[in-house]
Structure formats: structure tokens, C-alpha cells
Amino acid sequence: MTGTAVNPLFRAAYLAKDGERKVTLVIPWLSLKDQKLVYPNNTTFGSPSEQESFIRQWLEERTEFISGFAIRFYPGKFAVDKRSILPVGDISEIIPDEEADFAVLEEPEHLTWFHHGKRWKTKFRLVIGIIHTNYLEYVKREKNGQFQAFLLKYVNSWVVSIYCHKVIVREKKLKNRGRAGREKKAEFPCLHVIRLSAATQYYPRSIIGNVHGVNPKFLEIGKERFEQQHSSNHQAFTKGAYYIGKMIWNKGYGELLQLLNNHQKELAGLEIDLYGNGEDSDQVKEAANKLKLTVRVHPGCDHADPLFHDYKVFLNPSTTDVVCTTTAEALAMGKIVVCANHPSNDFFKQFPNCRIYDDDNGFVEATCKALSEEPVPLTNAQRYELSWEAATERFLK
């Protein structure tokens with residue numbers, strides 16, 4: 001249920017929605033042992049078809065339309081040391097040659113670190129990479145982090161340049177190949193990598209743009225919340241602050257608990273609920289219990305669950321995200337979001353309920369102000385900007 005899993009699913013659904021494109025989503029199939037390590041709430045699947053049924057049902061409940069894209073699985077394994085799913089074998093073989101037209105590599109560096117099959121841009125006419133994760137920032141926080149980040153930066157640049165087009169596109173009229181029988185190739189002034197924000201490392205010929213949208217359920221929740229408040233004159237939000245995310249230190253929990261610890265006096269009376277599952281859950285609970293503030297730690301839960309509807313303020317000090325999915329979801333639900341002045345949050349600055357801070361004192365001020373005020377209702381234009389319809393338009397453009 002991470003953004004890197006959910007966002008490609010929605011992208012496939014909305015690209016196929018109008019029926020003008022044949023879309024295939026390729027996702028990893030894990031062993032039962034790895035499923036237990038990765039999937040939330042003890043969810044496991046006995047076969048790929050069982051997992052596909054689960055995915056389609058989950059998607060249709062949120063989009064309320066049936067999308068005609070195909071799903072194919074590639075064998076994967078969960079690398080505990082890297083906390084990542086890695087492909088086993090050649091993923092490109094999953095797509096028949098006659099269907100190999102355009103390939104969208106979600107996290108192209110991740111998918112090509114250990115790729116040893118046919119080159120993606122040999123197999124496909126056009127390969128577009130979408131950079132989801134700020135790997136350099138994660139690595140910097142590990143032992144010998146600066147050196148590892150230095151090496152990873154060059155490895156990422158190398159594999160992305162190898163596997164993503166500049167772009168080279170085959171001539172459409174393949175029957176007329178000329179005297180030498182070769183397919184004519186033409187270079188187009190296209191960009192091969194989409195960086196969701198400037199938070200990621202720089203890649204040559206890349207473009208920055210948020211091509212992610214928000215699960216439509218969140219927009220519905222936000223609209224209903226303000227309609228309820230307007231019609232009944234009751235408070236739309238009766239709870240205070242919360243944070244939700246994978247419970248590992250690098251996903252914002254380290255920054256958040258440090259800020260709370262350093263400013264317990266200024267934030268006296270603050271109550272905050274943390275929701276998530278992850279390898280660092282026990283340590284996060286231990287650190288939270290040491291604070292004088294009321295910090296409650298809960299298991300992870302779907303962000304659209306009704307228990308989140310009444311919260312007014314979403315606190316997210318993370319600086320490892322590229323574009324944080326849960327921040328977008330909180331804004332769509334009409335909440336006030338307090339987040340760091342960081343490139344990953346540039347897209348969110350256009351929304352009136354986004355409160356940006358520069359330092360510790362700014363965090364305290366923004367948090368206290370957010371808790372004392374009411375959110376501003378989103379306009380129709382702002383709701384659309386958060387939607388997957390708008391994100392798909394940005395992607396195609």
C-alpha cells in the first residue's frame with residue numbers, strides 16, 4: 001500500500017479509461033514467505049489470479065469504473081537488507097514483442113540495477129522513466145552514507161541512460177525499410193525521465209513534473225466534509241493532529257519525533273496520533289513514550305478509513321519523499337497540512353491549506369496556528385489539480 005505501488009496502478013487505470021490505448025500493468029509476484037514480510041494486515045495470495053482479483057476489486061471500489069487494462073506478473077523477491085522488491089529474471093520478456101510499443105518504467109533505476117536481459121530501449125519504441133524515490137537521501141542516512149550516495153548517484157545515472165531513450169523511435173512504415181533493409185531511426189527532442197519533484201537527483205534530459213493524482217475517494221471525503229459543515233454549522237473536524245506513513249525512521253518519523261522532543265514546552269497540550277507498520281515500529285513507540293506530550297502510536301490503516309476523517313491537521317516533516325502521496329490525500333480531504341520547505345513539497349504550495357515551515361520555530365508556529373484555525377474549502381479547480389484526470393493529462397503532455 002505504498003505510493004510506489006498504488007500510483008502506477010491508478011496510472012494504468014486512467015490511461016486505459018477512455019479505451020484508446022492498450023495498457024498492461026506489470027507487477028511482481030512474491031513467494032508466500034516474502035508476501036508475509038511485505039503485504040499489510042497479514043494479506044497473502046495463493047496465486048497470481050487471486051492477487052489480480054484483489055487488486056481489481058480494490059481499484060474499482062475507489063474509482064467506481066471498470067478499467068480494461070491487463071495485468072501481468074513477473075517473479076520478484078524481497079531483499080530484506082534493501083527493504084525493496086527486486087526482479088528475478090528478465091522483466092521485458094513478460095511483454096510479447098508485438099505489443100512492445102511504449103514502456104513506462106516506474107522507478108527506472110530500481111528496475112535496472114540488476115537487469116540482465118534485453119535492453120528496454122531495444123525492445124520498446126519509447127521508454128519513459130518516472131523517478132519516485134529519493135534513494136540518495138535514504139542512503140545518506142546509513143553507515144558510510146555519503147560515500148554510498150556518491151556511488152549510487154553514478155550508478156543510477158548510468159543505468160537510466162542505458163535503459164531509457166533519448167528518444168529513438170522507429171519509422172512507422174516498417175515495410176519501406178530502404179535498400180539496406182534497416183529500420184530508419186529518428187531522434188526527437190523528447191525527455192526520457194520524469195522527476196516528480198526537484199528532490200530527486202538530477203538526470204540529463206529529464207523534466208520535473210508531478211504526474212501523480214489522488215485516489216478519487218479522498219476528494220469525495222473532502223467535499224462531503226465541507227458540505228456537512230456548511231449545511232449543519234457543525235465543526236467538520238473534531239480531532240487534532242496525526243501522521244500516517246510506513247513506520248521506518250527515514251519516512252518522517254525521525255524528524256517528527258525530534259521536533260516534538262525539542263519543543264515539548266512550546267507544544268504543551270498537543271496530542272498527535274501516528275499510524276503505520278514497519279521495521280522500526282518498536283523503536284518509534286519507545287521514543288514516543290519518552291515524550292511528555294501525548295503521542296499515540298497505532299498500526300497502519302488505509303488513509304481513506306473513516307477514523308481519519310475527523311482529523312484537522314496532518315503533520316509531515318519528511319524530507320526523504322519525492323512527492324508524498326499521503327500529503328496529497330490529506331489536502332484532498334480538506335485538511336491543513338504542515339510540511340517542510342523542501343523541493344518535494346513544491347507542488348503542494350499552491351493549495352491554501354498547505355503550511356510550509358523553514359526551521360524548528362517555523363514548525364511550532366505553523367502547527368499551533370493550524371490547530372487554531374479552520375481549513376479553507378478547496379475550489380473545483382484545486383480539486384481537479386489533485387485528481388488523476390489532471391495527472392494523466394500532465395503525463396501525456
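Computed with a 1.4 Å probe over protein heavy atoms only, the accessible surface of the range 318-397 comes to 40 Å² per residue. For the residue pairs K239/K335; K265/K369; K265/K290; K36/K217; K251/K292; K217/K312, alpha carbon separations beyond 20 Å are given by K36/K217; K251/K292.
For Cα pairs less than 8 Å apart in space and 6+ apart in sequence, what is the mean separation divided by the residue count of the range 216-386, i.e. the relative contact order in percent? Walk me through the numbers on the way to the answer.
Numbers: 279 pairs, mean separation 41.9, N = 171.
Relative contact order of the range 216-386: 25 percent.
I need the calculated FRET efficiency for the pair D101 and T238, taking r as the beta carbon distance and R₀ as 35 Å, to the nearest 0.05. Working from the Cβ atoms, E equals 0.10. When you filter the chymotrypsin sites (Phe, Trp or Tyr not before Pro) in the range 6-66 for DSSP loop state and at most 13 other Cβ atoms inside 10 Å of their Cβ, you are left with F65. 3J(HN,Hα) along the range 275-292, derived from phi through the Karplus expression 6.51 cos²θ - 1.76 cosθ + 1.60 where θ = phi - 60°, amounts to 10, x, 10, x, 5, 9, 4, 5, 5, 5, 4, 4, 5, 5, 5, 7, 7, 7 Hz, with x in place of Gly and Pro. With an a/c value of 1.5 or above and a/b not larger than b/c for the gyration tensor axes a ≥ b ≥ c computed over the alpha-carbon atoms, the range 283-368 is described as oblate.
Mind listing which GluC sites (Glu not before Pro) in the range 1-101 are in a DSSP loop and have 14 or fewer other Cβ atoms within 10 Å? Here the GluC sites (Glu not before Pro) that fit, given the DSSP loop and packing criteria, are E20, E64. Heavy-atom accessible surface of Y275, to the nearest 10 Å², is about 20 Å², with a 1.4 Å probe and all protein chains retained. What is the Cα centroid distance between the range 10-36 and the range 213-237, reported in whole angstrom? The range 10-36 and the range 213-237 have Cα centres spaced 30 Å from each other. Annotation: R119 carries an accessible surface of approximately 120 Å², with a 1.4 Å probe and no ligand, DNA or RNA atoms counted.
What the range 227-290 shows is 52 Å² of accessible area per residue, with the surface traced by a 1.4 Å probe over protein heavy atoms.
Backbone amide hydrogens, once placed in the peptide plane, bring L105 within less than 5 Å of I128, G129, I130, excluding anything fewer than 5 places away on its chain. Here the extension length gained between E266 and L396 equals 42.1 nm, from 0.36 nm per residue of separation less the Cα-Cα distance.
Quick check: at a probe of 1.4 Å, how many percent of the accessible area of the range 216-386 sits on carbon and sulfur atoms? Don't jump to the answer; show the numbers that get you there.
Details: 3570 of 7420 Å².
Ligands and nucleic acids excluded, carbon and sulfur give 48 percent.
For the listed peptides 259-272, 335-348, a ranking on the average number of other beta carbons within 10 Å per residue, highest first, reads 335-348, 259-272.
Accessible surface of S49, taken over heavy atoms with a 1.4 Å probe and every protein chain present, rounds to 80 Å².
Take the range 267-319, drop everything but the C-alpha atoms, weight them equally and run the Debye formula without solvent; then report log10 I(q)/I(0) at 0.17, 0.25, 0.32 Å⁻¹ to two decimals. Here the Debye-derived log intensity ratios amount to -0.62, -1.22, -1.34.
The values are calculated or read from the model by the stated rules, or taken from the named source; none is laboratory data. These figures come from a predicted structure and were not determined experimentally. All Cβ positions, glycine included, derive from the backbone under ideal geometry; neighbour counts span all protein chains shown. Only protein heavy atoms, including side chains, enter the accessible area calculation; ligands, DNA and RNA are left aside. Shrake-Rupley method; radii C 1.70, N 1.55, O 1.52, S 1.80 Å.
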